[in-house]
Amino acid sequence: MSHRQILQVFEQYQKSRLQFVQTVAELATRPQNIETLQNAGVTSLLRPMLLDVVPTIQQTAALALGRLANYSDDLAEALVKGDILPQLVCSMASQNRFYKKAAAFVLRAVAKHSPELAQAVVACGGVDALVLSLEEFDPGVKEAAAWALGYIARHDAQLSQLVVDAGAVPLLVLCVQEPEIALKRIAASTLSDICKHSPELAHTVVDTGAIAHLALMILNPDAKLKRHVLSALSQISKHSVNLAEMVVEAEIFPTALACLRDPDECVKKNVTTLMREVIKHTPELSQLIVNSGGIAAVVDYLGDCRGNVRLPGIMMLGYVAAHTENLAMAVIVSKGVPQLALCLAEEQENHIKSATAWAIGQIGRHTPEHARAVANANLLPKLLELYMDAKSSEDLQVKCKKALKGILQKCTYLPALEPLLYDAPSNILKHVACQFSKVLPHDSKARRLFVTSGGLKKLQEIKAEADSGLQEYIDSINSCYPEEIVRYYSPGYSEVLLEGVEKYQPA
């Protein structure tokens, strides 16, 4: 056999390997092929190709393994059990940028499924190798490494701490400053994943000067970058007053309010989430956002969207109102109550209704003036209806009951209370009757109106347990009227009168 013929055998072997690995990588992009590939033992066939002498075959084998691991946790586990990860990590230091990107993709695909699989990536030295890749010149390698680190960090505080301990945070902050938008996005997202677990982890990120760099990108034209930047600032702000103040000190308000007009729904949701996380801590932080026009902007935003994106805006109004009478009045003045009434009427999901009922309760519980603003929006019957609806979740019923109780204890506007006499169960009726018993003794016009509207008649029809709080309030209201009036409107009195007619003997 000639020299040329011998070389042809090797060329054919190389072509076949390359064709095999490229075909598998292509097949792995379609979910319907995965089970067949798995049954054919594809992972054990690809493993030796990670050490192939041809770089293209190595890279494509890694890409194929990443696609398989990305598909399911079973396949990701198969890679771990097949000792493929140590091989990948070991090769990362010496291989070219294409291999490093493919290897980081495999580590990300394995780590994303569960804390246990992410721990397997850590155990084989994956985090250190990824952090080293953040120092590469090529932005694509940095992006792939940052992405994989984010998937490890997002699971829990312990894994996030391992990423921090490996020295990732300063390098991620440098990545945020790189010119490539894709790298900025992933770096901001990974910082967000690290910050979310605890104040200590958030402080680690803040101590590297991350807030200032993130704040500069709030008005970047790229919607995906804005999403991640706003998310990272939210995750920092949520933990403590101190961290929220640091975010505010970066002068992101009122600049961030412009994001409420962004066409991207996720950007709008994330900026309202950021506002909510800042506002919830103190009245002072709330006041700062109120002064920058935050309430009116969020009320407008709630009118322009539907569904889950409304949730942080609804909660933000609730947190503002919860702090003080003045802040609750600021929500009322900005027409927050009618907007929340619309949310309560339009939304179908129980958890959104629950948040809305809670926010309404925070507004109405301060003074009679606050309670009247809520009552004028016809919200008391709506809250009662949701409380009594069997289809309402337990949480929604609890939130409606608490909101009703808080508002009723302050409400002195009787025309709004009267409809509740007809529908409310005794545990709510008690609070309604209590308010009547407070107002009627001192208001003759209200006493007259209560009779002419049918309220006094309805009150006599209520069956309350003797010695109960409700019966006490009914007795107290009845004592505001002459005995014959009370008797006249009591059930069965007409029969007593007719009996008297029958028994009456004319002179």
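Points to keep in mind about this one:
- Entirely in the range 268-341, the helices (runs of 4 or more DSSP H) that have 2 or more residues that are at pLDDT below 95 and closer than 20 Å to Leu230 by Cα: 283-291, 294-304, 311-323
- The numbered conditions (1) modelled with pLDDT of 90 or more; (2) in a helix (DSSP H, G or I); (3) touching a helix residue (DSSP H, G or I) at 6+ places or on another chain (Cβ under 6 Å) are all true for His366 except (2).
- Scanning the range 68-84 turns up no residue that is farther than 18 Å from Leu117 by Cα, in a helix (DSSP H, G or I), out of contact with any Phe, Trp or Tyr (no Cβ under 9 Å at 6 or more places or on another chain) and modelled with pLDDT of 80 or more.
- Every condition in (1) surrounded by fewer than 10 Cβ atoms within 10 Å (Cβ to Cβ); (2) farther than 19 Å from Gln87 by Cα; (3) modelled with pLDDT under 80 holds for Val53 except the one numbered (2).
- Scope the range 1-15; condition of a type outside the set (Val, Ile, Thr) and more than 60 Å from the chain's Cα centre (by Cα); matching residues: Met1, Ser2, His3, Arg4, Gln5, Leu7, Gln8
- Across the range 290-313, the qualifying residues are those that are among the hydrophobic types (A, V, I, L, M, F, W, C) and more than 11 Å from the chain's Cα centre (by Cα), and the one among them that is surrounded by the most Cβ atoms within 10 Å (Cβ to Cβ) is Val298.
- Scanning the range 374-385 for residues that are surrounded by fewer than 23 Cβ atoms within 10 Å (Cβ to Cβ) and either aromatic (Phe, Trp, Tyr) or assigned to a helix (DSSP H, G or I) (or both) turns up Asn376, Pro381, Lys382, Leu384, Glu385.
- Scanning the range 463-494 for residues that are buried (at least 16 other Cβ atoms within 10 Å of the Cβ), in a loop (DSSP other than H, G, I, E, B) and within 47 Å of the chain's Cα centre (by Cα) returns a single hit, Ala464.
- The range 94-136 - residue that is in contact with a Leu (Cβ under 7 Å, 6 or more places away or on another chain) and assigned to a loop (DSSP other than H, G, I, E, B) and, of those, surrounded by the most Cβ atoms within 10 Å (Cβ to Cβ): Leu134
- The range 395-407 - residue that is under 17 Å from Glu349 (Cβ atoms) and in contact with a Phe, Trp or Tyr (Cβ under 6 Å, 6 or more places away or on another chain) and, of those, surrounded by the most Cβ atoms within 10 Å (Cβ to Cβ): Cys400
Residues checked against (1) out of contact with any helix residue (DSSP H, G or I) (no Cβ under 9 Å at 6 or more places or on another chain); (2) under 20 Å from Arg108 (Cα atoms); (3) of a type in the set (Lys, Arg):
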residue	(1), (2), (3)
Gln8	yes, no, no
Ser16	yes, no, no
Phe20	no, no, no
Tyr71	no, yes, no
Arg97	no, yes, yes
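- Subset of the range 145-157 that is crowded, with 24+ Cβ neighbours inside 10 Å and of a type in the set (A, V, I, L, M) - its residue that is nearest to Val122 (Cα to Cα): Ile152
- When residues of the range 204-226 are limited to those that are surrounded by fewer than 24 Cβ atoms within 10 Å (Cβ to Cβ) and among the charged types (D, E, K, R), the one nearest to Ile279 (Cα to Cα): Asp207
- Restricting the range 158-197 to residues that are under 16 Å from Ala129 (Cβ atoms) and not hydrophobic (A, V, I, L, M, F, W, C) leaves a set whose member that is surrounded by the fewest Cβ atoms within 10 Å (Cβ to Cβ) is Asp165.
- Residues of the range 419-449 that turn out to be more than 16 Å from Glu385 (Cβ to Cβ) and either assigned to a loop (DSSP other than H, G, I, E, B) or touching a Gly at 6+ places or on another chain (Cβ under 7 Å) (or both), as a count: 2
- Criterion violated by Lys399 - all others in (1) within 37 Å of the chain's Cα centre (by Cα); (2) over 23 Å from His370 (Cβ atoms) satisfied: (2)
- Residue in the range 40-48 that is in a helix (DSSP H, G or I), under 15 Å from Ala102 (Cα atoms) and among the small types (Gly, Ala, Ser) present: no
- Test for Ser392: is it in a helix (DSSP H, G or I), within 24 Å of the chain's Cα centre (by Cα) and either surrounded by fewer than 17 Cβ atoms within 10 Å (Cβ to Cβ) or not aliphatic (A, V, I, L, M) (or both): no
- Residue check, Thr56 of a type outside the set (A, V, I, L, M, F, W, C), part of a helix (DSSP H, G or I) and in contact with a helix residue (DSSP H, G or I) (Cβ under 7 Å, 6 or more places away or on another chain): yes
- Tabulated pairs, the range 360-380, first within 17 Å of Thr324 (Cβ to Cβ), second among the aromatic types (Phe, Trp, Tyr), C-beta under 9 angstrom, 6+ apart or interchain: Gln362/Tyr319; Pro368/Tyr413; Ala371/Tyr413
The values are calculated or read from the model by the stated rules, or taken from the named source; none is laboratory data. Small disclaimer: the values here were computed from a predicted structure and weren't measured. Every residue, glycine among them, receives a Cβ derived from its backbone with ideal geometry; neighbour counts consider all protein chains shown.
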